[in-house]
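**Student:** The structure under discussion is supplied below as structure tokens; questions concerning it will follow.
The values are calculated or read from the model by the stated rules, or taken from the named source; none is laboratory data. Everything numeric here is computed off the predicted structure, so don't read it as measured data. Note that each Cβ is placed from the backbone with ideal geometry, even for glycine, and that neighbours are counted across all protein chains shown. Remember, those area values only see protein heavy atoms, side chains included, never the ligands or the DNA or RNA. Shrake-Rupley method; radii C 1.70, N 1.55, O 1.52, S 1.80 Å.
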Amino acid sequence: MFRITTANAFAASVDNLQSRQYELNMAQQRLTSQKRVLAPSDDPAAAARAERSRAMLQRADANQRAVDASKNSMTLTEAALGDATELIQQARELVVAAGNASYSAAQRKDVANQLTEIRKQLLSVANRGDGAGGFVFAGQGATQPPFADQPGGVAYMGTGGEVQVASDENLPLTFDGDKTWLSAPSGNGVFVTSSNSSSAWIDTGRVTDPSKIPADADLDYTIQFSNSGGATTYDVVRKDGSLAISGAPYQDGKLIEFDGMATTISGAPGNGDTFKVTPSQPDLSAFDALDKVIAGLKDPSKSSAEVTQTVQSGLRDLDGVAGQLQGTRSLAGEILNRIDGVTSRVTDLKNYAESTRSDAEDLDMVQAISDFQNQQTNYSAALQTYASLQKLSLFDYIKG
């Protein structure tokens, strides 16, 4: 037989009242925070999922910041290369005009002065800042403008290479300035033609049969001219001294073909004049290309053939520089396109992580409001029960 005392009844009623009050308070906290899991102990598995989702969100946010930094940098780079390409095109048009046979030495000098101004603008573009204290073409870093105009030409003062963003995606923050501005392929990309003649000039040349072209180590030819009895002939001598062509009669502007290559010599080459064909190298500087043209156009002592050679070689070099700049600009454009795809993936990852976190710990508001109302009802009933119980003591009965 159990004995239930008044004290026990009161204690049980108080415990029940406190329990109802605690449950009501927790329901109110969940509604206020809109969280189903307020502490790991509420649902350890859900809390762990939510924590993993938050870590995923943090990584996604860090990746997005890195992607945004790369996008800003590539946008500046693409714009700079666009400006540089326009300047090279302006320079090319001026060089074409300077090849006009009717131009005087003074007019060619005026063209050279205009090219000098374009060169200054081009150097400014190469040293363009990134808006954050750095430089667009600083490579792996530079505390000063990466290109310095020195007596021997423009030199690269930065550190070669590229800086990549610190993220899961392999995206650049900078481009290698030396490679972009000072390392275009010389000549036509396979070989380079040059002249020592004051009465004839040689064109850029072209490849006619790639399978016959020797390796760079052996790609070294000399076209030698000789005049005898009023006839002009030429030999094409290989590096090892063997003859690719021997004693061929010269015809102005006629194609000269040898070992898978072809070139054209025009004008009236003199006895002993030579023309060289050597391998192309990735060492053509945008600024050296302009410097050579400027120097050639400013020299009033040059013959018309030498001016023509200056113009043709200048156009060849400017085209090589333009091709290098356009190639780098295309690469920047491709990276910007890739960044759009990366941004989309990062956004999808963030949405997935947020959805997973929400599923793990967020509150079902409809259910939560219903639970809160139930807890209010339960607490009100507990209060009424406790109030009624207080009137059932022996002392209240005697007193009544």
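**Student:** Within the bounds of segment 180-195, is there any residue that is open to solvent by 20 Å² or more (accessible area, probe 1.4 Å), over 32 Å from the mean Cα position of the chain (by Cα) and either closer than 26 Å to Ala322 by Cα or among the polar types (S, T, N, Q) (or both)? Even if it seems obvious, please write down each step before you answer.
**Tutor:** Filtering segment 180-195 down to residues open to solvent by 20 Å² or more (accessible area, probe 1.4 Å) leaves 182-183, 185, 188-190, 192, 194-195.
With the extra rule that they be over 32 Å from the mean Cα position of the chain (by Cα), the set shrinks to 194-195.
With either closer than 26 Å to Ala322 by Cα or among the polar types (S, T, N, Q) (or both) added as a condition, the list becomes 194-195.
Yes, segment 180-195 contains a residue that is open to solvent by 20 Å² or more (accessible area, probe 1.4 Å), over 32 Å from the mean Cα position of the chain (by Cα) and either closer than 26 Å to Ala322 by Cα or among the polar types (S, T, N, Q) (or both).
**Student:** Would you confirm, using the coordinates I've provided, whether Val111 is in a strand (DSSP E or B) and within 25 Å of Gln312 (Cβ to Cβ)?
**Tutor:** On the way: in a strand (DSSP E or B): no; within 25 Å of Gln312 (Cβ to Cβ): yes.
When the stated conditions are applied, Val111 does not pass them.
Conditions tested, residue by residue: (1) touching a Cys at 6+ places or on another chain (Cβ under 7 Å); (2) over 23 Å from Thr75 (Cβ atoms); (3) open to solvent by less than 60 Å² (accessible area, probe 1.4 Å).
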residue: Lys298; (1), (2), (3): no, yes, no
residue: Ser304; (1), (2), (3): no, yes, no
residue: Val307; (1), (2), (3): no, yes, yes
residue: Leu318; (1), (2), (3): no, yes, yes
residue: Leu325; (1), (2), (3): no, no, yes
residue: Leu336; (1), (2), (3): no, no, yes
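**Student:** If the Cβ limit is 8 Å and pairs must be 6+ apart or interchain, which residue in segment 203-223 that is modelled with pLDDT of 95 or more pairs with which residue that is in a helix (DSSP H, G or I)?
**Tutor:** Asp203/Gln312; Thr204/Gln312; Thr204/Arg316
**Student:** Out of segment 306-356, which residues are under 15 Å from the mean Cα position of the chain (by Cα) and of a type in the set (Lys, Arg)?
**Tutor:** Listed by number, the residues that qualify are Arg329, Arg338.
**Student:** Ok, one more. Any idea which residue in segment 123-179 is modelled with the lowest pLDDT, counting only those that are buried (at least 18 other Cβ atoms within 10 Å of the Cβ) and of a type in the set (S, T, N, Q)?
**Tutor:** Among those residues, the one meeting the criterion is Ser167.
**Student:** Oh, and also: Any residue that is over 23 Å from Leu315 (Cα atoms), in a strand (DSSP E or B) and under 47 Å from the mean Cα position of the chain (by Cα) - is there at least one of those in segment 256-265? If you could, list the steps in order and put the result at the bottom.
**Tutor:** Here is the first cut: in segment 256-265, the residues over 23 Å from Leu315 (Cα atoms) are 258-260.
Still in the running and in a strand (DSSP E or B): 258.
The next check asks that each one be under 47 Å from the mean Cα position of the chain (by Cα); those that pass are 258.
Among the residues of segment 256-265, at least one is over 23 Å from Leu315 (Cα atoms), in a strand (DSSP E or B) and under 47 Å from the mean Cα position of the chain (by Cα), which makes the answer yes.
**Student:** Looking for something open to solvent by 40 Å² or more (accessible area, probe 1.4 Å), in contact with a strand residue (DSSP E or B) (Cβ under 9 Å, 6 or more places away or on another chain) and under 30 Å from Ser104 (Cα atoms) - is there at least one such residue anywhere in segment 262-270? Walk me through how you get there before you give the answer.
**Tutor:** Step one: filter segment 262-270 for residues open to solvent by 40 Å² or more (accessible area, probe 1.4 Å), giving 268.
Now drop any that are not in contact with a strand residue (DSSP E or B) (Cβ under 9 Å, 6 or more places away or on another chain), which leaves 268.
So of that shortlist, the ones also under 30 Å from Ser104 (Cα atoms) come out as 268.
Yes - at least one qualifying residue is present in segment 262-270.
**Student:** Among the residues of segment 271-281, is there at least one that is open to solvent by less than 40 Å² (accessible area, probe 1.4 Å), under 24 Å from Asp220 (Cβ atoms) and of a type in the set (Asp, Glu)?
**Tutor:** Yes; the residues of segment 271-281 include at least one that is open to solvent by less than 40 Å² (accessible area, probe 1.4 Å), under 24 Å from Asp220 (Cβ atoms) and of a type in the set (Asp, Glu).
**Student:** How many residues are closer than 20 Å to Gln309 by Cβ, of a type outside the set (Val, Ile, Thr) and part of a strand (DSSP E or B) when one looks only at segment 185-226?
**Tutor:** Residues flagged as closer than 20 Å to Gln309 by Cβ, of a type outside the set (Val, Ile, Thr) and part of a strand (DSSP E or B) within segment 185-226 amount to 9.
**Student:** Additional query: Here's a check for you: in segment 86-104, which residue that is aliphatic (A, V, I, L, M) and open to solvent by 40 Å² or more (accessible area, probe 1.4 Å) is modelled with the highest pLDDT? Step through it out loud before you land on a result.
**Tutor:** First, the residues of segment 86-104 that are aliphatic (A, V, I, L, M): 87-88, 91, 94-98, 101.
Okay, now just the ones that are also open to solvent by 40 Å² or more (accessible area, probe 1.4 Å), so 96, 101.
Details: Val96: 96, Ala101: 90.
Filtering segment 86-104 for residues that are aliphatic (A, V, I, L, M) and open to solvent by 40 Å² or more (accessible area, probe 1.4 Å), the one modelled with the highest pLDDT comes out as Val96.
**Student:** Let me ask something additional. Inspect all residues belonging to segment 208-217 and state whether any of them is out of contact with any Leu (no Cβ under 9 Å at 6 or more places or on another chain) and surrounded by 18 or more Cβ atoms within 10 Å (Cβ to Cβ).
**Tutor:** No, segment 208-217 contains no residue that is out of contact with any Leu (no Cβ under 9 Å at 6 or more places or on another chain) and surrounded by 18 or more Cβ atoms within 10 Å (Cβ to Cβ).
**Student:** Does any residue of segment 71-85 turn out to be open to solvent by 70 Å² or more (accessible area, probe 1.4 Å), of a type in the set (Asp, Glu) and either within 25 Å of Gly320 (Cα to Cα) or over 29 Å from the mean Cα position of the chain (by Cα) (or both)?
**Tutor:** No, there is no match, as no residue in segment 71-85 is open to solvent by 70 Å² or more (accessible area, probe 1.4 Å), of a type in the set (Asp, Glu) and either within 25 Å of Gly320 (Cα to Cα) or over 29 Å from the mean Cα position of the chain (by Cα) (or both).
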